[in-house]
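Colleague: Take this structure, written in structure tokens, and hold onto it; I'll ask about it next.
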């Protein structure tokens, strides 16, 4: 099977400056090759990366892209320009996976492959423009439900295949875990950073003195962060909280990031992005390394986190969300390392279901079913 995968206009591949979607599809593309398929991956140009390259059997083609802007309107305009460039260089194929807003609207030639729209964020009304595509692939049941709610006539084209964990789940690490609450993600308002920091002073003083907090992730706008002023404001909140908070900045090296996960007992991801989160990869990565995940009550987390079984959930929609977070987190941290490591073991077992080889097989099965349809179906 000939598979073309188009990534977005703003992050390079390989994912040398982050990007969950880029990380997932970089791993999936190589797994498709291992399973016997021909794969081309198209992404943005970036300093130090050649226009043409082969990595792990995947042919890479790069076209001019952009730094991510703050304005959503400007972002959509830049996405359109990028998609127009991509349209002109698409090779013939059987499956065309798209991760841009405009490309599915622009491509109508069937010889480029069955159009396979990968939906990684809550749809914002554009689904009705995709009626001609072969598949709308949601990464969680919550996103699938949103697609169907916005375009019920496309229900038959919707499938749920989760994000892949872009590495193999190994045996439990022998490294002693510290009493650390770790956050990994974009330092952006939608990730619930402010909610978390405002909850810290509400924790019992004995808990605050026993535990430390580490925050890993970019704040730069071009990397999806909330910007310099947001970072400074969050750092002031952290300093006033009475907690031991360490700001590590972005960690893009996979081995260094794994070390952060393996040394922490609890991973926190208090996202408040009601329409933004689809199936976040960072909690999966943390679970694969044995962390007990602590998340908000967004519907997407229900696909892989069961409260009190392999992680913990707090109600971010409560009348006083800071208090709800603090009370639940205090309960969790007072369980003690032995119980938290037990929860982490259950988390690791759950994450193994999302390993890239398992998820890639599901994609190939779906691709194959589409290729067997008549051209006009």
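The values are calculated or read from the model by the stated rules, or taken from the named source; none is laboratory data. Quantities reported herein were computed from a predicted structural model and do not represent experimental measurements. Don't worry about glycine lacking a Cβ; one is built from the backbone with ideal geometry, like all the others, and counts go over all protein chains shown.
Colleague: Give the range 10-66 a look and list any residue that's part of a strand (DSSP E or B), closer than 22 Å to residue 223 by Cα and free of Cβ contacts under 8 Å to residues at least 24 places away in the same chain, or say none.
Modeller: Scanning the range 10-66 gives no hits.
Colleague: Still on this structure: For the range 110-210, give me every one of the strands (runs of 3 or more DSSP E) that falls completely inside it and has 2 or more residues that are under 30 Å from residue 265 (Cβ atoms) and within 16 Å of the chain's Cα centre (by Cα).
Modeller: 178-184
Colleague: So residue 82 ticks every box in (1) under 23 Å from residue 157 (Cα atoms); (2) assigned to a helix (DSSP H, G or I); (3) in contact with a strand residue (DSSP E or B) (Cβ under 9 Å, 6 or more places away or on another chain) but one. Which box is left unticked?
Modeller: (1)
Colleague: Another question, if that's okay. Does residue 304 satisfy the condition of being surrounded by 22 or more Cβ atoms within 10 Å (Cβ to Cβ), in contact (Cβ under 8 Å) with a residue 60 or more places away in the chain and over 17 Å from the mean Cα position of the chain (by Cα)?
Modeller: It is false that residue 304 is surrounded by 22 or more Cβ atoms within 10 Å (Cβ to Cβ), in contact (Cβ under 8 Å) with a residue 60 or more places away in the chain and over 17 Å from the mean Cα position of the chain (by Cα).
Colleague: Shifting gears a bit: May I ask you to say which residue of 256, 292 is within 19 Å of the chain's Cα centre (by Cα), surrounded by fewer than 16 Cβ atoms within 10 Å (Cβ to Cβ) and without any contact (Cβ under 8 Å) to a residue 60 or more places away in the chain?
Modeller: Selected residue: 256, the only one of 256, 292 that is within 19 Å of the chain's Cα centre (by Cα), surrounded by fewer than 16 Cβ atoms within 10 Å (Cβ to Cβ) and without any contact (Cβ under 8 Å) to a residue 60 or more places away in the chain.
Colleague: If you scan the range 55-79, which residues turn out to be touching a strand residue (DSSP E or B) at 6+ places or on another chain (Cβ under 7 Å) and more than 14 Å from residue 8 (Cβ to Cβ)?
Modeller: Result: 58, 59, 60, 61.
Colleague: So, residue 199, is that one crowded, with 20+ Cβ neighbours inside 10 Å, in contact with a helix residue (DSSP H, G or I) (Cβ under 6 Å, 6 or more places away or on another chain) and assigned by TED's automatic domain parsing to the domain that holds residue 124 or not? So that I can check it myself, show each step before the final result.
Modeller: Working: crowded, with 20+ Cβ neighbours inside 10 Å: yes; in contact with a helix residue (DSSP H, G or I) (Cβ under 6 Å, 6 or more places away or on another chain): yes; assigned by TED's automatic domain parsing to the domain that holds residue 124: no.
For residue 199, the condition - crowded, with 20+ Cβ neighbours inside 10 Å, in contact with a helix residue (DSSP H, G or I) (Cβ under 6 Å, 6 or more places away or on another chain) and assigned by TED's automatic domain parsing to the domain that holds residue 124 - is not met.
Colleague: Looking at (1) within 25 Å of residue 143 (Cβ to Cβ); (2) buried (at least 22 other Cβ atoms within 10 Å of the Cβ); (3) free of Cβ contacts under 8 Å to residues at least 60 places away in the same chain, can you tell me which one residue 360 breaks?
Modeller: (3)
Colleague: Filter the range 202-242 down to the residues that are on the phi > 0 side of the Ramachandran plot and surrounded by 20 or more Cβ atoms within 10 Å (Cβ to Cβ), then identify the one that is modelled with the lowest pLDDT.
Modeller: 224
Colleague: Continuing with the same structure: Of all residues in the range 35-54 being touching a helix residue (DSSP H, G or I) at 6+ places or on another chain (Cβ under 8 Å) and under 22 Å from residue 358 (Cβ atoms), which is surrounded by the fewest Cβ atoms within 10 Å (Cβ to Cβ)?
Modeller: Out of the qualifying residues, it is 35.
Colleague: Looking for whichever is surrounded by fewer than 24 Cβ atoms within 10 Å (Cβ to Cβ) and at pLDDT 95 or above here; the options are 322, 377, 353, 274. Which one fits?
Modeller: Just one listed residue meets the conditions, 322.
Colleague: Out of curiosity, is residue 133 touching a residue at least 60 places away in the same chain (Cβ under 8 Å) and touching a helix residue (DSSP H, G or I) at 6+ places or on another chain (Cβ under 9 Å)? Steps first, please.
Modeller: Working: touching a residue at least 60 places away in the same chain (Cβ under 8 Å): no; touching a helix residue (DSSP H, G or I) at 6+ places or on another chain (Cβ under 9 Å): yes.
Spelling it out, it is not the case that residue 133 is touching a residue at least 60 places away in the same chain (Cβ under 8 Å) and touching a helix residue (DSSP H, G or I) at 6+ places or on another chain (Cβ under 9 Å).
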